[in-house]
Amino acid sequence: MATSGPFGGKLASWPVLRQLRSGDVTGLGATAASARTRGLAARIRTADAVVKSVCPYCAVGCGQLVYVKDGKLLDIEGDPDSPISGGTLCPKGAATFQLVTGTHRLDRVLYRRPYGTEWEVLPLEQAMDMVAKRVKRTREETWEETSEDGEALHRTLGIAHLGGATLDNEENYLIKKLFTALGVVQVENQARI
């Protein structure tokens with residue numbers, strides 16, 4: 001089989017011809033590799049540090065390895081030493097890297113006034129004050145001290161909390177304590193639903 005002509009030596013580098021010459025019928029051996037594929041390396045190879053962590057998405061607690069380079073997140077993978085997950089991650093856990101680095105992630109407070117048509121950017125402190133005032137007002141307006149039979153209730157049914165699956169156990173513990181102290185009885189978490 002001639003490899004000269006208008007294509008010169010380039011024809012000899014075609015994977016199909018390499019495969020035929022070497023007898024690699026399936027094309028799964030070295031004949032499938034190119035200079036580009038031989039030059040590829042995992043991003044994690046250049047990491048400065050590897051930190052063990054736990055996936056934040058649900059209560060399972062799958063182990064993760066967080067790779068860091070120059071103080072920035074490089075990659076997140078399943079931890080093969082984890083007795084929970086043995087290195088595997090569900091689709092949400094596998095996308096944890098995007099949770100932190102995604103360009104679609106909002107990093108400022110957006111507010112749309114009642115009957116408004118446009119979003120406006122608010123300082124975080126102002127938004128937190130607005131939330132606190134609304135929680136206080138709702139609690140005061142819906143507070144139930146006692147039932148009709150005179151039993152102590154000390155609760156509000158005007159506020160409920162549904163936690164997200166990115167909250168870890170410690171955050172959920174503190175949230176439950178906070179809302180219980182406020183008299184909120186409707187506290188649930190998405191990871192349990």
Subject >> In region 26-54, residue farthest from the chain's Cα centre (by Cα) [restricted to those that are exposed (fewer than 10 other Cβ atoms within 10 Å of the Cβ) and of a type outside the set (Gly, Ala, Ser)] >> reply: 26
**OP:** Among the residues of region 79-96, write down those that are over 13 Å from the mean Cα position of the chain (by Cα) and not β-branched (Val, Ile, Thr).
**Re:** 79, 80, 81, 82, 83, 85, 86, 87
Original post:
Mind checking which pairs have a first residue in region 55-78 that is closer than 12 Å to residue 89 by Cβ and a second that is part of a loop (DSSP other than H, G, I, E, B) and among the acidic types (Asp, Glu), Cβ under 9 Å, 6 or more apart or different chains?
Top reply: 56/168; 61/168; 62/79; 63/79; 63/81; 64/79; 65/79; 65/81
**OP:** Identify, from the list 156, 138, the residue that is assigned to a strand (DSSP E or B), under 16 Å from residue 185 (Cβ atoms) and of a type in the set (S, T, N, Q).
**Re:** 156
**OP:** Considering each residue of region 141-193, count those that are in contact with a Leu (Cβ under 8 Å, 6 or more places away or on another chain), modelled with pLDDT under 90 and polar (S, T, N, Q), and give that number.
**Re:** 3
Subject >> Selected residue (criterion: modelled with the lowest pLDDT) from residues of region 18-65 that are touching a Gly at 6+ places or on another chain (Cβ under 7 Å) and assigned to a loop (DSSP other than H, G, I, E, B) >> reply: 57
Original post:
What number of residues in region 66-84 are surrounded by 19 or more Cβ atoms within 10 Å (Cβ to Cβ) and assigned to a loop (DSSP other than H, G, I, E, B)?
Top reply: 2
**OP:** Considering every residue within region 90-100, establish whether at least one is surrounded by 11 or more Cβ atoms within 10 Å (Cβ to Cβ) and in a strand (DSSP E or B).
**Re:** no
Original post:
Any residue at all in region 105-127 that is closer than 23 Å to residue 51 by Cα and either touching a strand residue (DSSP E or B) at 6+ places or on another chain (Cβ under 9 Å) or part of a helix (DSSP H, G or I) (or both)?
Top reply: no
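Rundown of residues vs (1) of a type in the set (Asp, Glu); (2) under 22 Å from residue 169 (Cβ atoms), yes/no style:
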| residue | (1), (2) |
| --- | --- |
| 25 | no, no |
| 33 | no, no |
| 40 | no, no |
| 53 | no, yes |
| 60 | no, yes |
| 63 | no, yes |
| 75 | yes, no |
| 88 | no, yes |
| 93 | no, yes |
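The values are calculated or read from the model by the stated rules, or taken from the named source; none is laboratory data. Keep in mind that this is a model prediction, so the values were computed, not measured. Backbone-built Cβ (ideal geometry, glycine too); neighbour counts: all protein chains shown.
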